[in-house]
Amino acid sequence: MERCIVVVDDSTEFLVMVELALEPIATERHLQILHASSGEEALALLANNPNAAVLLTDLAMPRMDGLALITQCRRQYPLLQSVVLSGASDARSIIEALRAGASDYIVKPPSIAELETSLSNALARYEELEQTFRTRERLQTYERELAIAAEIQRHMLPPSQVRDPDEQYRLAALLVPARHVAGDFYDHWVTGDGRIVMIVGDVSGKGVSAALWMAVTKTLLRSHLEHESSPVEAMEATNRALAMNNPQAYFVTAVVAIFDPEEGLLSMCNAAHPSPYHIRHDGAVERLPTIPGMPLGALEDTRYHCTTVEIAPNDRILMYTDGILDALTEDLSAQQSALGNLIRQTSTATDIIASIIAQLSQLWIGQSLPDDVTLLQMDYCPTELSTQKVATSEAIERG
């Protein structure tokens with residue numbers, strides 16, 4: 001779209017002179033020159049030509065003077081560059097014009113060189129502001145899209161708080177993205193036979209692409225597990241699907257855990273993910289033994305293994321992603337020790353996750369976390385019969 005220059009002066013002869021003086025630069029830069037004899041006429045021209053880049057205006061005009069015109073243009077057309085062409089050469093007039101929003105001030109009669117220089121500078125400022133405005137608009141659009149993506153991702157996750165109607169277990173989960181969207185994910189549901197399926201995973205990388213890969217991985221794992229696959233079969237099928245079409249080399253670490261509250265048995269399959277923590281009812285804290293396989297999506301023929309442990313009533317399981325390790329310390333050799341100590345400090349809290357996040361908040365006040373953080377806590381809440389069984393078992397052990 002051809003840009004416009006609007007020249008405003010109540011003298012027809014002066015308008016013709018300025019138009020002739022501007023003709024060479026207008027031709028060179030493909031600019032259209034429009035002229036108005038009053039401020040009202042100028043505003044009408046600007047309304048019909050929103051692509052106008054420069055306003056050349058006199059100050060002394062009937063009804064709406066140049067200062068009023070510049071002030072209104074500044075509100076309505078923030079990119080428009082206003083240049084004053086005035087016979088007044090006193091400092092007060094110049095200062096008032098600049099305060100009103102003029103970018104330059106030329107005293108009549110102007111030389112052609114003055115007009116060309118002023119116009120060139122005004123056009124350069126307009127183009128710079130236009131580029132900045134477009135960049136800001138793109139960023140705002142991107143921010144809005146990211147906010148929508150984050151909202152969609154939140155709706156993809158299951159409830160963060162679940163309590164079994166039969167009082168056998170409680171679940172709590174939290175995902176804190178380092179950016180708008182996360183590459184971490186968690187999932188949980190109850191099977192038809194009453195077992196609890198829990199998944200925590202972490203996609204390599206951050207941002208939108210990692211979030212999309214997260215959605216694919218979560219969907220694949222849940223689909224295979226819901227179709228009666230064992231954790232090993234589900235992990236291997238998901239890995240094959242990801243590895244067959246992974247041009248960006250995104251890898252996913254994940255733990256699938258299935259808990260049978262009737263038997264108190266927890267079966268786990270691990271794809272290169274940090275092992276969950278077992279918080280016993282007597283206060284002991286230890287990492288659960290898992291056999292970590294390769295990350296999902298790395299090698300198509302990877303084999304995975306399942307381990308099963310017994311969980312006693314009033315025990316807790318804490319699954320997590322390595323974002324919490326990075327948040328605690330940069331020393332890789334000390335990360336698990338730091339997390340273990342933190343869990344011991346919070347093991348008596350009703351909501352371990354809330355206590356851990358409170359501790360992390362103190363470490364990262366006013367800063368974004370270095371990585372996504374995901375936590376999933378399961379409390380095995382025994383029925384009265386289970387409690388009696390535990391008491392009897394402990395009494396037998398004591399002899």
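The values are calculated or read from the model by the stated rules, or taken from the named source; none is laboratory data. Fair warning: this is a prediction, and the values are worked out from it, not measured in the lab. Ideal geometry is used to build each Cβ from the backbone, glycine not excepted, and the neighbour counts take in all protein chains shown.
Looking only at the range 341-350, which residues are under 11 Å from LEU318 (Cα atoms) and either touching a Lys or Arg at 6+ places or on another chain (Cβ under 8 Å) or surrounded by fewer than 17 Cβ atoms within 10 Å (Cβ to Cβ) (or both)?
Initially, the range 341-350 is screened for residues under 11 Å from LEU318 (Cα atoms), giving 343, 347.
The answer is SER347, and nothing else.
Strands (runs of 3 or more DSSP E) wholly in the range 149-219 with at least 2 residues that are in contact with a Gly (Cβ under 9 Å, 6 or more places away or on another chain) - which ones? I'd like the intermediate steps shown before the answer.
Working: elements: 161-163, 169-176, 184-190, 196-203.
Correct list: 184-190, 196-203.
Please count how many residues of the range 269-313 are closer than 20 Å to ALA349 by Cα and among the acidic types (Asp, Glu).
Here is the first cut: in the range 269-313, the ones closer than 20 Å to ALA349 by Cα are 276-287, 311-313.
Within this subset, residues satisfying the condition of being among the acidic types (Asp, Glu) are 282, 286.
The qualifying residues number 2.
May I ask you to verify whether ASP193 is buried (at least 18 other Cβ atoms within 10 Å of the Cβ) and free of Cβ contacts under 8 Å to residues at least 60 places away in the same chain?
Details: buried (at least 18 other Cβ atoms within 10 Å of the Cβ): no; free of Cβ contacts under 8 Å to residues at least 60 places away in the same chain: yes.
It is false that ASP193 is buried (at least 18 other Cβ atoms within 10 Å of the Cβ) and free of Cβ contacts under 8 Å to residues at least 60 places away in the same chain.
With more than 48 Å from the chain's Cα centre (by Cα) and within 18 Å of TYR126 (Cα to Cα) as the only criterion, which of LEU22, LEU59 stands out? Working first, answer last.
Details: LEU59 fails: within 18 Å of TYR126 (Cα to Cα).
When all the criteria are applied, what remains is LEU22.
Just give me the residues in the range 347-368 being in contact (Cβ under 8 Å) with a residue 40 or more places away in the chain and under 23 Å from LYS206 (Cα atoms), in sequence order.
The answer is ILE353, ILE357, SER368.
Under the condition of being of a type in the set (Phe, Trp, Tyr) and touching a residue at least 24 places away in the same chain (Cβ under 8 Å), which residue from the range 105-136 is nearest to GLU2 (Cα to Cα)?
Of the residues in the range 105-136, the ones of a type in the set (Phe, Trp, Tyr) are 105, 126, 133.
With the extra rule that they be touching a residue at least 24 places away in the same chain (Cβ under 8 Å), the set shrinks to 126, 133.
Numbers: TYR126: 14, PHE133: 19 Å.
Per the criteria, the residue is TYR126.
When you scan the range 202-236, how many residues do you find that are free of Cβ contacts under 8 Å to residues at least 60 places away in the same chain and either among the charged types (D, E, K, R) or touching a His at 6+ places or on another chain (Cβ under 7 Å) (or both)?
5
Hey, can you tell me all the residues within the range 6-30 that are modelled with pLDDT of 85 or more, farther than 15 Å from ILE112 by Cβ and buried (at least 17 other Cβ atoms within 10 Å of the Cβ)?
Scanning the range 6-30 gives VAL6, VAL8, ASP9.
Collect the residues in the range 262-296 that are farther than 22 Å from ASP184 by Cα, out of contact with any strand residue (DSSP E or B) (no Cβ under 6 Å at 6 or more places or on another chain) and either acidic (Asp, Glu) or surrounded by 22 or more Cβ atoms within 10 Å (Cβ to Cβ) (or both), keeping them in residue-number order.
Matches in the range 262-296: GLU262, GLU263, ASP282.
Go through LEU325, LEU332, LEU369 for me and flag whichever is in the same structural domain as VAL197 (by TED's automatic domain parsing) and at pLDDT below 90.
On the way: LEU325 fails: at pLDDT below 90; LEU332 fails: at pLDDT below 90.
Every option except LEU369 fails the conditions.
How about the range 290-335: which of its residues are among the β-branched types (Val, Ile, Thr) and either touching a helix residue (DSSP H, G or I) at 6+ places or on another chain (Cβ under 9 Å) or under 29 Å from GLN362 (Cβ atoms) (or both)?
Let us first name the residues in the range 290-335 that are among the β-branched types (Val, Ile, Thr), namely 290-291, 302, 307-309, 311, 317, 321, 324, 329.
The answer is THR302, ILE317, THR321, ILE324, THR329.
Of ILE5, ILE25, which residue is within 19 Å of THR71 (Cα to Cα) and in contact with a helix residue (DSSP H, G or I) (Cβ under 8 Å, 6 or more places away or on another chain)?
Numbers: ILE25 fails: within 19 Å of THR71 (Cα to Cα).
Sole residue among the options that is within 19 Å of THR71 (Cα to Cα) and in contact with a helix residue (DSSP H, G or I) (Cβ under 8 Å, 6 or more places away or on another chain): ILE5.
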